[in-house]
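Colleague: My questions will all concern the structure given below.
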Amino acid sequence: MKFFIDTALIDEIKDCWATGLIDGVTTNPTLIKKAGRDPLDVYKSLIDLGIGDISMEVMGTAAEMEYDGMQLYTLFKESTTVKLPMTKEGLQACQRLNNLGIRTNVTLIFNAAQALLAAKAGATYVSPFVGRIDDQGYAGLEVVRSIAGLYKMKGIDTQVLAASIRTPHRVVRSFYNGADVVTMPPKVFWGMYDHILTTDGLRIFDEDATKIVSSS
Ligand code: E4P
């Protein structure tokens, strides 16, 4: 079970990383744009924090994505996971990078057929977009379940990385439905700590602790 953080905002990642519970980070062009920084600077900052698995998205033709993926690997070594779109070109680049021993994450997965193709192309991770599937009126978690079930049945070692996660409940249910990794925004990660009864219980314990009679 791995927890990834889905943002390019370094300060927010730093706080999550300091918990010791985070295994990696996923980024995409939208998240990098929101951070307002050069992507290479973002990746460098993440590596300086000690993060060893960073999804870095590439775009363009198969040859361009392969080249950019190799360049990223040259710069960032084992911290690099090249994130590729679920397209014919993306899967061609995926095969070539996989043959070079470079980790890959095939993104924008919306059904099990796509996940089978990505696995066949040697993807390290596939990213079904749970929230965006829900938005379309069918169940993102069912897609996670069918991909994870198929991979298990066929002995495929591509890992299911549930993405587009908007609530702690979706984190839990993604794992329940077979995800190996869940990537979540920091807000969702912090939300996993919360329960009203934990807050209330702690308040009562704190109050009672001040009233304990000590013999010393
Ligand atoms: C992660 O790899 C995806 O890019 C991300 O989870 C998409 O999330 P969104 O649907 O909230 O944009």
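Colleague: How many residues, within the range 129-155, are farther than 24 Å from G191 by Cβ and either touching a Cys at 6+ places or on another chain (Cβ under 8 Å) or crowded, with 23+ Cβ neighbours inside 10 Å (or both)?
Modeller: Summing the residues that are farther than 24 Å from G191 by Cβ and either touching a Cys at 6+ places or on another chain (Cβ under 8 Å) or crowded, with 23+ Cβ neighbours inside 10 Å (or both) in the range 129-155 gives 1.
Colleague: Being open to solvent by less than 60 Å² (accessible area, probe 1.4 Å), aliphatic (A, V, I, L, M) and within 16 Å of the ligand (Cβ to nearest atom) is the filter here, so list the residues in the range 1-54 that pass it.
Modeller: Result: I5, A8, I13, I22, V25, L31, I32, A35, V42, L46, I51, I54.
Colleague: What number of residues in the range 177-193 are more than 15 Å from the ligand (Cβ to nearest atom), touching a residue at least 24 places away in the same chain (Cβ under 8 Å) and of a type outside the set (A, V, I, L, M, F, W, C)?
Modeller: 2
Colleague: Checking T158 against (1) open to solvent by 70 Å² or more (accessible area, probe 1.4 Å); (2) within 26 Å of K88 (Cα to Cα): exactly one of these is not met. Which one?
Modeller: With (1) open to solvent by 70 Å² or more (accessible area, probe 1.4 Å); (2) within 26 Å of K88 (Cα to Cα) applied to T158, the lone miss is (1).
Colleague: Here is a further query. Given the structure, is D134 of a type outside the set (A, V, I, L, M), at pLDDT below 95 and within 20 Å of the chain's Cα centre (by Cα)?
Modeller: yes
Colleague: So R96 fits all but one of (1) among the basic types (K, R); (2) touching an Asp or Glu at 6+ places or on another chain (Cβ under 9 Å); (3) within 16 Å of the ligand (Cβ to nearest atom); what number is the exception?
Modeller: If we test R96 against (1) among the basic types (K, R); (2) touching an Asp or Glu at 6+ places or on another chain (Cβ under 9 Å); (3) within 16 Å of the ligand (Cβ to nearest atom), just (3) comes out false.
The values are calculated or read from the model by the stated rules, or taken from the named source; none is laboratory data. Owing to the predicted nature of the structure, the values given are computational and were not obtained by experimental measurement. Note that each Cβ is placed from the backbone with ideal geometry, even for glycine, and that neighbours are counted across all protein chains shown. The accessibility values were calculated without ligands, DNA or RNA, using every heavy atom of the protein model including side chains. Shrake-Rupley method; radii C 1.70, N 1.55, O 1.52, S 1.80 Å.
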